[in-house]
Amino acid sequence: MPTKIKTLLLDDDRQILILLSHLLEKQFPNIQVIGQAQTVEQSIELIDSLQPDLIFLDIEFPDGDGFKILDSVTHTKFQTIFISSHDQFAMKAFEYSALHYLKKPIDASEVSEALCRLSVNEDREIQKIPSIQHSNKEPKLIIPTTEGLDIIKIQDIKRCEASDVYTIFHMVDGTKYMASKSLNNYEKLLGDLHFFRIHSKHLINMRYIVQYIKGKGGYVVLAQGDELEVSVRKKMDFMNQLKDYARSLN
């Protein structure tokens, strides 16, 4: 018989627990749900006492958050599928080596995709990385699309372009991704990672700047020749950020 994957369901929403439990029981016979919890304290106790292979973990609890749970447990040899109603926690979830990030309402096909990535033999231990800037892994970004989710390497993003309520990601290899979130959202997520918004339409990765052309606001030239306008009101902040970035490389 195949080895059962010992699984905990950790969410403060009772309906989510019922839905997940039913879905896993009916469609994924190799998953064995060994416990459920609805608070941070209960979750920590269950993880350490039952030592699961896999947890489905909500991020927001009445008495804390899912990251606190991961920071507090002594048993760490399990894989984590995060559950959330919001995209804003996705980047931090991947700092903790998330196997997958499920958006509520939960979709069976997304659960299936997440479990396809699971290898119980990996014996993967969660990574407790306090800041994505200091991660020794390549930080990634989950972007919601009209078809689902794409996962991209942050260092490979050359620039982000506003397109109405969407954002177009221009990758250094020429690939483009369209995310169903506004550029404001990604400005907040990437602002501490050497990205700067030079214009209402453009958020750039400063790693790929090759030239600044003077002008009223001026223009930035990126790798592969992208020439983008710097807005007048952003010019001073941009020049200061560029100097700070140059100093950080020394």
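Coordinate-derived values only; no laboratory data. Just so you know, these numbers come straight off a predicted model, no measurement behind them. Ideal geometry is used to build each Cβ from the backbone, glycine not excepted, and the neighbour counts take in all protein chains shown.
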Highest average packing first - 85-93, 225-233, Cβ atoms within 10 Å: 85-93, 225-233
Reciprocal of mean inverse Cα separation for segment 138-248 (Kirkwood radius, Å): 14.2 Å
From the C-alpha gyration tensor of segment 183-250, square roots of 5λ in Å: 16, 15, 12
Once the Cα gyration tensor of the chain is diagonalised, semi-axes √(5λ) in Å: 40, 18, 16
Cα-projected label distance for Asn250 with Leu50, points at 7 Å along beta-carbon direction, nm: 5.6 nm
Distance (nanometres) between label positions extended 7 Å along Cα→Cβ at Thr39 and Asp150: 4.3 nm
Unsatisfied cross-links (Cα-Cα over 18 Å) in the set Lys214/Lys235; Lys92/Lys201; Lys104/Lys181: Lys92/Lys201
Charge sum, other residues only, whose C-beta stays under 14 Å from Thr167's C-beta, Lys/Arg counted +1 and Asp/Glu -1: +2
Residues in segment 188-211 reached by a label modelled at Lys176 [backbone nitrogen below 16 Å; 7 Å Cα→Cβ]: 201-203
Separation between Cα centres of segment 56-121 and segment 146-218, rounded to whole Å: 26 Å
Value of [θ]222 nm, deg cm²/dmol, for the chain, DSSP H segments ≥ 4, -39500 (n - 2.57) each, nearest 500: -8500 deg cm²/dmol
Under 17 Å from the Asp63 label point (7 Å along Cα→beta-carbon), backbone N, segment 7-29: 9-14
Peptides ranked, highest mean first, by Cβ atoms within 10 Å: ranges 39-46, 67-74: 39-46, 67-74
Gain in span if fully extended, His22 to Tyr212, counting 0.36 nm per residue against the direct Cα distance: 62.7 nm
